[in-house]
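The values are calculated or read from the model by the stated rules, or taken from the named source; none is laboratory data. Predicted model only: the values in this text are computed from it and were never measured. Cβ atoms come from the backbone with ideal geometry, glycine included; neighbour counts cover every protein chain shown. Accessible surface areas use protein heavy atoms only, side chains included; no ligands, DNA or RNA. Shrake-Rupley method; radii C 1.70, N 1.55, O 1.52, S 1.80 Å.
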Amino acid sequence: MTPLVYLNGKFVPKWEAKVSVFDHGLLYGDGVFEGIRAYSGRVFRLDEHLQRLYRGARAILLEVGMTHEELREAVLESLRVNNLQDAYIRLVVTRGIGDLGLDPRKCSQGCTIFIIADAIQLYPEQMYQEGLELITVTTRRNDVTALNPAIKSLNYLNNILAKIEVVRAGLHEGLMLSADGYVAEATGDNIFLCTRGRLVTPPTSIGILDGITRDAVMQLAPEMGIVVEEKLLTQYDVYIADECFLTGTAAEIIPVVKVDGRLIGDGKPGPVTRELMARFHDLTRKEGVPIS
Ligand code: PMP
């Protein structure tokens with residue numbers, strides 16, 4: 001069966017799902033998006049993803065043109081028509097079709113909205129068993145006062161430049177610092193450290209995405225009796241941590257065992273990370289909006 005893509009209110013076959021070359025999402029990265037996941041017939045934290053999308057839209061003065069409820073139903077229907085129970089869902093809202101100028105008022109026909117629901121592509125299992133190696137990239141995360149990384153905008157060039165450095169180093173992920181040199185996040189994931197039994201993660205005010213998976217970890221850790229603190233972190237804090245892991249919708253929770261040539265802890269995924277991975281797995285199967 002050819003996968004069906006939701007595009008502006010209709011389901012169209014994958015190969016017919018096209019947008020205009022005058023769409024400002026394409027011309028300028030003007031728009032917002034979400035990456036969402038479904039597990040065993042349930043969409044994990046769907047409403048939280050939609051709320052983040054609407055927050056970003058509000059920040060860039062983008063009128064989505066569909067209500068939260070309508071968008072929610074469109075996401076669920078995308079899974080139903082494609083007969084998917086476990087999937088990765090990309091929801092994109094662009095400013096729509098305009099002219100060659102920046103002026104968003106020219107996009108008078110309204111947003112382009114599309115939803116792609118696809119079979120999930122996991123990182124190799126080995127990466128979860130053995131952990132990742134990171135390097136700190138030279139590309140700094142967008143400054144909060146310029147383009148706040150809390151907005152999951154279609155303009156991901158900042159992250160792509162960082163990813164290019166990571167790929168050139170032969171690795172899978174990299175550590176991005178804020179403009180003033182504090183630990184921010186990875187190119188597509190949030191970061192946590194575990195030091196002397198406490199979890200620490202950078203505050204959102206530093207300029208990171210307020211990750212849905214980050215939030216889930218901050219909920220799970222206290223249930224394990226582990227304190228979580230949001231605080232400014234330096235590379236030194238990373239190097240001396242007992243454990244380190246990344247969180248994201250696509251990556252879930254993935255251990256980090258080496259950063260800039262320094263082994264983290266004993267160089268193996270630690271017990272707190274492993275326990276959180278197991279608990280997150282359970283949470284994703286029991287929580288979530290049922291598809292049907
Ligand atoms: N930071 C960035 C830059 C990301 O792109 C993502 C992925 N959406 C995350 C963090 C993790 O966020 P979430 O857990 O909501 O997927």
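Listed by chain and number, the lysines placed with their C-alpha closer than 24 angstrom to that of LYS231 are LYS152, LYS258; residues fewer than eight positions away on the same chain are left out.
Sequence-ordered 3J(HN,Hα) estimates for the stretch 171-178 from the Karplus curve with 6.51, -1.76 and 1.60 and θ = phi - 60° stand at 10, 9, 9, x, 9, 9, 9, 6 Hz, glycine and proline given as x. Rounded to the nearest whole Hz, the Karplus-based 3J(HN,Hα) values (6.51 cos²θ - 1.76 cosθ + 1.60, θ = phi - 60°) of the stretch 109-125 follow the sequence 7, x, 5, 9, 10, 9, 9, 10, 10, 9, 4, 6, 10, 8, 5, x, 3, with x at glycine and proline. The mean sequence separation of alpha-carbon pairs under 8 Å and at least six residues apart, normalised by the residue count of the chain, gives a relative contact order of 20 percent.
ASP242 contributes an accessible area of around 80 Å² to the protein surface, as traced by a 1.4 Å probe with all chains present. Accessible surface computed residue by residue for the chain, with neighbouring protein chains in place and a 1.4 Å probe, gives 47 Å² per residue.
For the chain, with only Lys/Arg (+1) and Asp/Glu (-1) charged at the beta-carbon, what is the dipole magnitude about the Cα centre, in debye rounded to 20?
Values: 31 positive and 38 negative charges, 66 e Å.
The calculation lands at about 320 debye.
Positive end of the dipole of the stretch 1-131 (Cβ unit charges, origin at the Cα centre): among LEU61, ALA117, LEU71, the Cα lying farthest that way belongs to LEU61. Working ranking of peptides 140-146, 3-9, 205-211 by packing, defined as the average number of other Cβ atoms within 10 Å per residue, highest first, is 205-211, 3-9, 140-146.
Amide H to amide H under 5 Å from VAL259: which residues, 5+ apart in sequence or cross-chain, H placed 1.01 Å off N in plane? When sequence neighbours closer than 5 places are left aside, the close amide H contacts are LEU134, ILE264.
Taking every DSSP beta bridge that has both residues in the chain, what percent is antiparallel when rounded to the nearest 5? Before the final figure, lay out the partial values.
Values: 46 of 55 bridges.
Among the beta bridges of the chain, antiparallel pairing accounts for roughly 85 percent.
Surface composition of the chain: carbon and sulfur atoms hold 53% of the protein heavy-atom accessible area at a 1.4 Å probe.
Tell me, what is the percent relative contact order of the stretch 165-292, built from C-alpha pairs under 8 Å that lie six or more residues apart?
Working: 202 pairs, mean separation 27.3, N = 128.
Across the stretch 165-292, relative contact order equals 21 percent.
In this Cβ point-charge picture (+1 for Lys and Arg, -1 for Asp and Glu), the stretch 125-286 has a dipole of about 120 debye about its Cα centre. Nothing charged except the Cβ atoms of Lys and Arg (+1) and of Asp and Glu (-1): what's the magnitude of the dipole of the stretch 165-212 about its Cα centre? Round to the nearest 20 debye. That gives the stretch 165-212 a dipole magnitude of about 240 debye.
Couplings for the stretch 257-266, taken from phi via the Karplus curve 6.51 cos²θ - 1.76 cosθ + 1.60 with θ = phi - 60°, read 10, 8, 9, 6, x, 8, 5, 8, x, 9 Hz in order; Gly and Pro are left as x. Just so you know, the Rg over Rh for the stretch 4-118 is 0.97, from Cα atoms, with Rh as the Kirkwood radius.
With one equal scatterer per alpha carbon and no solvent term, the Debye-computed log10 I(q)/I(0) for the stretch 173-292 at 0.12, 0.19, 0.20 1/Å reads -0.40, -0.99, -1.10.
Ordered by 1.4 Å accessible area with all protein chains kept, LEU53, LEU27 run largest first as LEU27, LEU53. The aspartates and glutamates within cross-link reach of LYS106, meaning a Cα-to-Cα straight distance under 14 Å and a gap of 8 or more places when in the same chain, are ASP23, ASP30, GLU63. What is the distance in Å between the Cα centres of the stretch 162-218 and the stretch 10-30? Result: 31 Å between the Cα centres.
Largest first, the residues SER78, SER108 sort by 1.4 Å accessible area into SER108, SER78.
Taking Cα centroids, how far is the stretch 57-134 from the stretch 240-288 in Å? With the stretch 57-134 and the stretch 240-288 each reduced to a Cα centre, they are spaced 26 Å.
Considering all alpha-carbon pairs of the chain, what whole percent are spaced by more than 32 angstrom? Intermediate results must be reported in sequence, preceding the final value.
Working: 11536 of 42486 pairs.
Result for the distance tail: 27 percent.
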